[in-house]
Each structure stands twice: as C-alpha cells, then as structure tokens.
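Report on one structure; see the data block that follows.
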Amino acid sequence: MTNKLISCLISGNNNPTEGQIVFDSSDHIRFQNGTDISGHNYGCNRQIKIEKNISGNNGYTVTIINLDSNHPVWGNNIQMAPKQMKIIKIENDIVTLRGYGTDSLNASFADYGIDILIQNNEIERVQLNMFDRNISLLYLK
C-alpha cells in the first residue's frame with residue numbers, strides 16, 4: 001500500500017492532508033562544490049523525516065535525526081532542525097523540495113533543499129542540499 005505522503009510527493013501536491021515518511025540511512029557521502037570530500041560513511045545512522053508542514057503552512061517539514069547519539073552542544077539527536085519546504089520540481093523519479101520562509105531567529109529556510117529519489121513508491125535515497133555552503137549530503141540505505 002502506498003503511503004499517502006508518498007502519493008502527494010509524486011503528484012506534486014504541496015498541500016498534503018496528513019502523514020509522514022521516514023527514510024533510514026546507514027551511509028552518506030558529503031560533497032562540497034560538487035566534489036566528493038568524504039567517501040562513504042558506513043554505519044553513520046540518520047533518519048530523514050518528511051511530514052505535513054508542522055506550522056500549518058503549505059508544503060512539508062523536513063527534519064534529520066542522528067540515530068547514533070545526541071549532539072554534544074544542544075544535547076538532543078536532531079542533526080538538522082525542522083525546515084519547511086515546498087515541492088519545486090518533479091523530474092523522472094526525483095522530487096525536489098526547497099525551503100521557504102524563515103525560522104524564529106529569521107534564518108532563511110531557502111538555504112536548504114532536498115532531492116528525493118522515489119522508485120516503486122519507496123524512497124531509495126535523499127540528498128540534502130545546503131545552498132549557502134555549496135554542500136550536499138547524499139543519504140543512502
């Protein structure tokens with residue numbers, strides 16, 4: 001059975017009625033300016049959570065969670081704080097979301113985006129793009 005949120009993503013619906021998807025990754029590769037700067041990071045467990053916008057706005061909320069341990073400074077396992085995003089493009093099996101608006105400290109969500117590869121109604125990989133730093137993290141199963 002297809003997850004309702006997957007159906008919304010595939011169809012380009014920026015106003016989902018409900019749901020969330022989690023993608024668990026045990027490996028990622030870090031790119032800076034398009035160049036692989038880390039190689040594989042096997043055993044580096046992260047969860048990408050995509051859900052209906054928690055602020056009540058259109059679009060989605062994307063959060064990345066560190067499944068290995070808590071962050072040494074802020075003491076929780078949030079790797080990337082929740083960012084509101086909208087679908088901006090669907091091409092082949094890839095759905096692209098881009099942040100919009102600002103957080104409570106007026107930091108722009110537009111500095112962030114994700115590319116989601118969906119095949120057979122399942123997420124195969126997620127790429128986090130941090131545009132202000134020219135860094136991308138490719139999260140793999």
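Every read-out reported here was derived from the displayed coordinates using simple, explicitly stated rules and does not represent laboratory data. The shown structure was predicted, so the numbers you read here are calculated from the model rather than taken from an experiment. In this analysis, Cβ positions are derived from the backbone assuming ideal geometry, glycine residues included, and neighbour counts consider all displayed protein chains.
What is segment 1-61 by shape, rounded, prolate or oblate, if you read a ≥ b ≥ c off the alpha carbon gyration tensor as root eigenvalues and call it rounded for a/c under 1.5, prolate for a/b larger than b/c, and oblate otherwise?
Prolate shape, in that a/c is at least 1.5 and a/b is the bigger ratio.
Given +1 on the Cβ of Lys and Arg, -1 on the Cβ of Asp and Glu, and no further charges, what dipole in debye does the chain carry about its Cα centre, rounded to the nearest 20?
Computed about the Cα centre, the dipole is about 200 debye.
Return, for the Cα atoms of the chain, the radius of gyration and Dmax in Å, separated by a comma.
Gyration radius and largest Cα-Cα distance of the chain: 14.5, 40 Å.
By how many nm would the segment from Leu67 to Ser108 lengthen if fully extended, with 0.36 nm per residue of separation less the alpha-carbon distance?
The span from Leu67 to Ser108 would gain 12.2 nm if fully extended.
Just check segment 67-141 against the gyration tensor rule for me: Cα atoms, a ≥ b ≥ c as the square roots of the eigenvalues, rounded for a/c under 1.5, and otherwise prolate or oblate depending on whether a/b exceeds b/c.
Oblate is the answer for segment 67-141, as a/c is 1.5 or above yet b/c matches or exceeds a/b.
If I stretch the segment between Asn76 and Lys89 completely, what's the gain in nm (0.36 nm per residue apart, minus their alpha carbon distance), one decimal?
Value of the extension gain: 1.4 nm.
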